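Written out below as structure tokens is the structure these notes cover.
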Amino acid sequence: TAQEMGLQPTKLTEFGLVEITVDGKIAHILQSYSILNTQLSTQLSRHKHLTRVLLERHNLPNIPHLRTTERETVEVFLREHKQIIAKPVMGSRSAGVVLISKNRQLTGLSLEELIFEKYIEGREMRFVVLQHAVVSVLEKVYAEVINDPQKVERISYPQEQWDHKLVKMAQQVAQVLGMGFAAVDFIVDEQGEVFVLEVNSAAALRHMQHPTSGPGIDIARMFLEATVAELRKKS
């Protein structure tokens, strides 16, 4: 796509570092990281506790959560919610995520590296925001409690089926975190109550381009066009 757009792309590493040329100036994209998100916004979304703090500050639908180094405090939190999820504060792709239902499962965990959240069962919906507009909505379906990214089905929904309340909420979340590109994941429980599960600053474009089922979008072109427009603003 970058080639078609005349951006003279050069792949610099197998990991996804690509050099492009915009109006004679060199710029870089790393997978789906680009100038669309600042260093601050990327860090705020990656750090799960900071994300929770900002969601709470702006009265957005937050999952009950806990950050502590005291095991007794975690045990009280577990008694209150019956089942909780332990996540690395700076984790990604479900690595190190554990479902906890008994106190003994806390043994050996590095509490200072974790955030604990109430386990909520429901539909997981991803709303992708690009420059303040939602461009894609997908449902993530998986058979196990802890998401294995390699086994997830991603069902894309046409725009006429989007939940407008969640569209607006996703836009608000991206705005609060200062993000030009964001994948906002929601959990919708059996009663229809909505919670923000997490926010991703570099969601894989291929899942929007080629979902398991439902309409795909040309997100690669949209992402590049937005990036080029932002680079031109700053030149």
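Taking the Cα-to-Cβ direction at Val98 and at Arg67 and moving 7 Å from each Cα, how far apart do the two end points lie in nm?
That separation, rounded to one decimal, is 2.0 nm.
Please turn the phi angles of the stretch 14-28 into ³J(HN,Hα) values with the Karplus equation 6.51 cos²θ - 1.76 cosθ + 1.60 (θ = phi - 60°), one per residue in order, whole Hz, x for glycine and proline.
5, 6, x, 7, 10, 9, 10, 10, 10, 6, x, 10, 7, 9, 9
Exposed loop GluC sites (Glu not before Pro) only (DSSP loop, at most 12 other Cβ atoms within 10 Å): please give the longest stretch of the chain free of them, not including the sites.
Between exposed loop sites, the widest span is 15-69.
Whole Å is fine, so just give me how far the alpha carbon centre of the stretch 10-88 lies from that of the stretch 207-224.
Rounded to whole Å, the Cα centres lie 22 Å apart.
Can you report the principal axis dimensions of the stretch 122-185 using only the alpha carbons, biggest first, rounded to whole angstrom?
32, 26, 18
Aspartates and glutamates within cross-link reach of Lys168: Cα-Cα under 15 Å, excluding same-chain residues under 8 positions apart?
List returned: Glu160, Asp185.
Which residue, Leu111, Leu12, Leu36, tops the fluctuation ranking in a GNM of the chain built on C-alpha contacts under 10 Å?
Highest fluctuation of the listed residues: Leu12.
So what are the ³J(HN,Hα) numbers for the stretch 203-215, from phi and the Karplus equation (6.51, -1.76, 1.60; θ = phi - 60°), rounded to whole Hz, Gly and Pro as x?
Result, ordered by residue: 5, 5, 5, 4, 6, 7, 6, 9, x, 4, 8, x, x Hz.
Kindly provide the helix-only [θ] at 222 nm of the chain, computed as the sum of -39,500 (n - 2.57) over DSSP H runs of four or more divided by all residues, to the nearest 500 deg cm²/dmol?
Roughly -8000 deg cm²/dmol at 222 nm, from the helical runs in the chain.
Treating the Cα atoms of the stretch 166-208 as identical point scatterers in vacuum, please give the log10 of the normalised Debye intensity I(q)/I(0) at q = 0.17 Å⁻¹, two decimals.
-0.49
Filter Lys165/Lys233; Lys48/Lys165; Lys102/Lys151; Lys25/Lys165 down to the pairs with a C-alpha to C-alpha distance above 29 Å, please. Could you put the intermediate results ahead of the total?
Values: Lys165/Lys233 31 Å; Lys48/Lys165 23 Å; Lys102/Lys151 27 Å; Lys25/Lys165 41 Å.
Pairs exceeding the cut-off: Lys165/Lys233; Lys25/Lys165.
Taking R0 as 35 Å, what's the FRET efficiency between Glu75 and Trp162 from their Cβ-Cβ distance, rounded to 0.05?
0.30
P(r) of the stretch 72-113 in 10 Å steps, Cα pairs, percent per bin?
Here the calculated profile for the stretch 72-113 is 27, 58, 15.
Run the quick spin-label model on Lys151 and Glu112: label points 7 Å from Cα toward the beta carbon, then report their separation in nm to one decimal.
Placing both labels 7 Å beyond Cα along the Cβ direction yields 3.4 nm.
Given C-alpha coordinates of the stretch 45-131, what is the ratio Rg to Rh with the Kirkwood estimate of Rh? Spell out each step's value before the answer.
Numbers: Rg = 13.4 Å, Rh = 13.9 Å.
For the stretch 45-131, the value is 0.97.
Under the rule that an exposed site lies in a DSSP loop and has at most 13 other Cβ atoms within 10 Å, name the longest stretch of the chain with no trypsin sites (Lys or Arg not before Pro) of that kind, not counting the sites themselves.
In short, 152-235.
Where the only charges are on Cβ atoms (+1 Lys, Arg; -1 Asp, Glu), what is the dipole of the chain about its Cα centre, to the nearest 20 debye?
Here the chain has a charge dipole of around 380 debye.
Once you have all Cα-Cα distances for the stretch 178-235, histogram them in 5 Å bins from zero and send the whole-percent values.
Distribution as computed: 4, 15, 17, 20, 19, 13, 7, 4, 1, 0 percent.
Read-outs: derived from the displayed coordinates by stated rules, not from any lab. A quick note: this is a predicted structure, and the numbers were derived from the prediction, not measured. Quick reminder, even Gly has a Cβ in these numbers, built from the backbone with ideal geometry, and neighbours come from all protein chains shown.
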